[in-house]
DNA sequence: ACCGGTTTTTGAACATGTTCAAGCAGAGGG
DNA sequence: CCCTCTGCTTGAACATGTTCAAAAACCGGT
């Protein structure tokens, strides 16, 4: 009986699979009420100031009940993340419609994220903090691939594939790029989290400056002079970045034949006694 | 009397300035005992498993006393960070002696960090998590520049300046690079934190692969074909990365004359009701 | 309508980070 | 020797995330 197949028990572990299950049961409703209440309070008072007791009370349930649906307070963040990713994908797609220029499309996608996240700027810091914990399954880097991450990467595939740049790229690069663009977003998010300028204007400028540069790098990568560099960079990304991100099942032996031993050998240094 | 000028009260806020104040008072000793005990327990049991009560008991003081010296549990991490940075700088410098090749020097510096941090792999995840909080003064990105960060950047300046690459670079680039190399370390740290391979072998391989690439990029940046790209990248870094990192006092108006308005204008999207 | 099982809900109990009013110790002065 | 002041120390009390045994609600079958 430990695998409780039905219902929403251990919901936090089940749901990543599908936020969808409509399930006539009113249980889903309770879950929804708790999540919505939590998100409202997070937005109103911030993460730390919102106690589980307050969430429960406001949602009209007991504190234990909240824990029945969400493994921990952090798992409530998951709900936020999923929803925002979804909203972002929708919004960005609609804004990009008709635009062809790659740099522009990329900027639109990134700015769209900033707009979607604007209300949660303070709260998001907390989210980011959580994401930085490798033990937390919330981490976008964790191998158990988030469906949310897949959604985001898919968006960036569209950014690329419906742009004027797509036909000019070789297939291999086109394969890597969506994940790299997603990484670009992660960098922007990092920047944004630390951005204290009013209305995060600075992050917006950062995006405005960095997207044309990214576009240029990608464009140039086709030229002869850059070949060897691009080849090595690709290798690095394929062997070390994507697997970590959960894209591929982590090859124990990198695809390159010669993974020569590091030049520097282990040697534990010990700090000198004070 | 609120500014208690002397002593170590509010020590956590005083000390970042100077770990030094020897202060005959035995109070310094109490502080040291608490910090050492905490670090030992962190190493032995991990951060979360180590309770403040345990630290206090093992250190032979009361729990309240620990709070007299350290504003919170997180501030104990500061102690760890400072010490490790110092050890790293020392160890890396000694290992690099005589080596001239830039890529090699860089790899040595990074591997040295991995060795210094090895004992704290699990614990460091927690540290990283803390560092990801922009409100925490522990964050290496916070504007109130950590002395520890300065130490680390200085190390990378040495990595560069004593290498065979130094004479070939223009002054402007040489100015930026130490910070960028430090960022490289940050990326490695990020990788390392998430690395679950035994003995973090994977991170070591990652370093081994990424350092020659970094060296190559820097080398190539001198060539004609790359000029415009390098120029823009420099601008981006100077205007947006370094100020955020606390290197320069954050110019409200970027140095470029034309900071044209973002192409995409604010437009708050609202998620469709379920 | 009743029964056995399963899902949902409850609230008290627990663990742990943090605070604070009160106690203690040593230094200086009388 | 006693008084006082100041920096140090204490431990009980508090706030809040989390657990858990038990109660309640629900459901399908008879």
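Normalising the average separation of contacting C-alpha pairs (under 8 angstrom, six or more residues apart) by the number of residues puts the relative contact order of the range A:19-71 at 29 percent. In this simple spin-label approximation, residue A:166 and residue A:72 carry label points 7 Å from Cα along the Cα→Cβ vector, and these lie 4.2 nm apart.
When the square roots of the Cα gyration tensor eigenvalues are ordered a ≥ b ≥ c, the ratio a/c for the range A:101-174 is 1.5 or more and a/b does not exceed b/c, which makes its shape oblate.
Here each label is just a point 7 Å from Cα along the line to Cβ, and for residue A:135 and residue B:29 those points are 3.5 nm apart. For residue B:225 and residue B:93, the difference between the fully extended length at 0.36 nm per residue and the C-alpha to C-alpha distance is 44.0 nm.
State whether the range B:27-127 is rounded, prolate or oblate according to the following rule on the C-alpha gyration tensor (a ≥ b ≥ c being the square roots of its eigenvalues): a/c under 1.5 gives rounded; otherwise a/b larger than b/c gives prolate, and the remaining case gives oblate. Prolate. Distance from the B-onto-A rotation axis is smallest for the Cβ of the chain B residue given, in whole Å, as B:132, 2.
Each Cα pair under 8 Å and six or more residues apart adds its sequence gap; the mean of these over the residue count of the range A:74-245 is a relative contact order of 28 percent.
The range A:105-129 and the range B:108-171 have Cα centres spaced 27 Å apart. By the count of neighbouring beta-carbon atoms within 10 Å, fewest first, A:156, A:128 end up ordered A:128, A:156.
The ranking of A:237, B:34 by Cβ neighbour count inside 10 Å, starting from the fewest, reads A:237, B:34. A simple spin-label model places the labels of residue A:119 and residue A:48 2.4 nm from each other, with each point 7 Å out along Cα-to-Cβ. Each other copy holds its own label point for residue B:28; taking that point as 7 Å from Cα along Cα to Cβ, the gaps run 6.6 nm, nearest first.
With an a/c value of 1.5 or above and a/b larger than b/c for the gyration tensor axes a ≥ b ≥ c computed over the alpha-carbon atoms, the range B:60-192 is described as prolate.
Sorted from closest to farthest, the other copies place their residue B:231 label points 3.1 nm away, with each point set 7 Å from Cα along Cα→Cβ.
Label points for residue B:46 are taken 7 Å from Cα along Cα→Cβ. From this copy to the others they lie 2.9 nm apart, shortest first.
Values quoted throughout were computed directly from the atomic coordinates according to the rules given, and no laboratory measurement underlies them. Model, not experiment: these values are computed from the prediction. A quick note on method: Cβ atoms are made from the backbone with ideal geometry, for glycine too, and the neighbour counts reach across all protein chains shown.
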